[in-house]
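Visitor: Below is a structure I'd like to ask you about.
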Amino acid sequence: MADIRETSLVHPAPVLSGHGLRLRVWDPESETDVETWLRGRTEPEFRRWNTPLILEEGLDDARESLTAHVRGAVDGTGMPFCVTDEATGATLGHVSIGAISRPLRTGRVGYWVLPEARGRGVATRALLLTVDWAFAELGMHRLELGHALGHDASCRIAERCGFTYEGTLRGAMWEADRHDAFRDCHLHARLATDPRPEGQPWAPARNSGASLRPGRNHEAWHPMTGT
């Protein structure tokens, strides 16, 4: 494994396969990826529970937002994966690790699933695959997952993926479609030393060349403001 102090997280770009899924890095130069990103992040259910820093309304906004996410992979502070069906190649959604702190080896996970792919366990499978990769290949110590109060589906995903509920954070997320009001969120977390979720098989990553070691990036965890 390469030292993250000397390499980005996308060279070579990791491709993760398992649980019937294939995860690859999003491409902001791809019109298809930009259009899918826009569709996923403007869908009503997504906007009900998430308020992104950039409230995408068109392709230009989506390209700016996606470019910013991929930039995190280049500078070692995040990794945005496009979730696809391993058999058909169809795009199903998104899973990511963000807010990476190299000294603490911590990060925050997020995900969303396109409407037509819901009800098939995509978020659970994608998150399991990503978490396995983060602990085994990046050497991460702790991953956090936050969701707005009332988002029961996200609570169930967290539990299935071995994330322990740790409490409620007051005013830690923006209200839906607003940057001037806040709401509470639940915090879940999983440590590398925690037992694997019962009944969840190991699914190794493929083509990953990055590792996470304490380095020059001293960014700390910050409140959750949407994925």
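The values are calculated or read from the model by the stated rules, or taken from the named source; none is laboratory data. All values reported here derive from a predicted model rather than from experimental measurement. For neighbour counting, all protein chains shown are included, and Cβ atoms are generated from backbone atoms with ideal geometry for every residue, glycine included.
Visitor: Is it true that some residue in the stretch 155-168 is surrounded by 15 or more Cβ atoms within 10 Å (Cβ to Cβ), out of contact with any strand residue (DSSP E or B) (no Cβ under 6 Å at 6 or more places or on another chain), in a strand (DSSP E or B) and in contact (Cβ under 8 Å) with a residue 24 or more places away in the chain?
Guide: no
Visitor: Can you give me the number of residues within the stretch 66-89 that are in contact with a helix residue (DSSP H, G or I) (Cβ under 8 Å, 6 or more places away or on another chain) and either of a type in the set (A, V, I, L, M) or at pLDDT below 95 (or both)?
Guide: The qualifying residues number 4.
Visitor: Follow-up question, since we're still on this one. Return yes or no: is residue 102 within 24 Å of residue 192 (Cβ to Cβ), among the charged types (D, E, K, R) and either out of contact with any His (no Cβ under 6 Å at 6 or more places or on another chain) or exposed (fewer than 15 other Cβ atoms within 10 Å of the Cβ) (or both)?
Guide: In short, yes.
Visitor: Still on this structure, I have one more. Counting residues that are crowded, with 20+ Cβ neighbours inside 10 Å, which helices (runs of 4 or more DSSP H) fully inside the stretch 5-91 reach at least 3?
Guide: Qualifying helices (runs of 4 or more DSSP H): 31-42, 59-75.
Visitor: Quick one: in the stretch 170-217, which of the residues that are under 22 Å from residue 14 (Cα atoms) and among the hydroxyl-bearing types (Ser, Thr, Tyr) is modelled with the lowest pLDDT?
Guide: Looking at the filtered set, the residue picked out is 208.
Visitor: Does residue 59 fit the bill of being among the aliphatic types (A, V, I, L, M), touching a helix residue (DSSP H, G or I) at 6+ places or on another chain (Cβ under 9 Å) and modelled with pLDDT of 95 or more?
Guide: When the stated conditions are applied, residue 59 passes them.
Visitor: Restricting to the stretch 135-154, give me the number of residues that are out of contact with any helix residue (DSSP H, G or I) (no Cβ under 9 Å at 6 or more places or on another chain) and free of Cβ contacts under 8 Å to residues at least 40 places away in the same chain.
Guide: Here the count works out to 2.
Visitor: Being under 22 Å from residue 168 (Cα atoms) and surrounded by fewer than 17 Cβ atoms within 10 Å (Cβ to Cβ) narrows it down to one of 110, 119, 150, so name that one.
Guide: Testing whether each residue is under 22 Å from residue 168 (Cα atoms) and surrounded by fewer than 17 Cβ atoms within 10 Å (Cβ to Cβ) leaves just 150.
Visitor: Next question, about the same structure. Considering only residues that are of a type outside the set (A, V, I, L, M, F, W, C) and either surrounded by 21 or more Cβ atoms within 10 Å (Cβ to Cβ) or part of a helix (DSSP H, G or I) (or both), which ones fall in the stretch 122-143?
Guide: Matches in the stretch 122-143: 124, 125, 130, 132.
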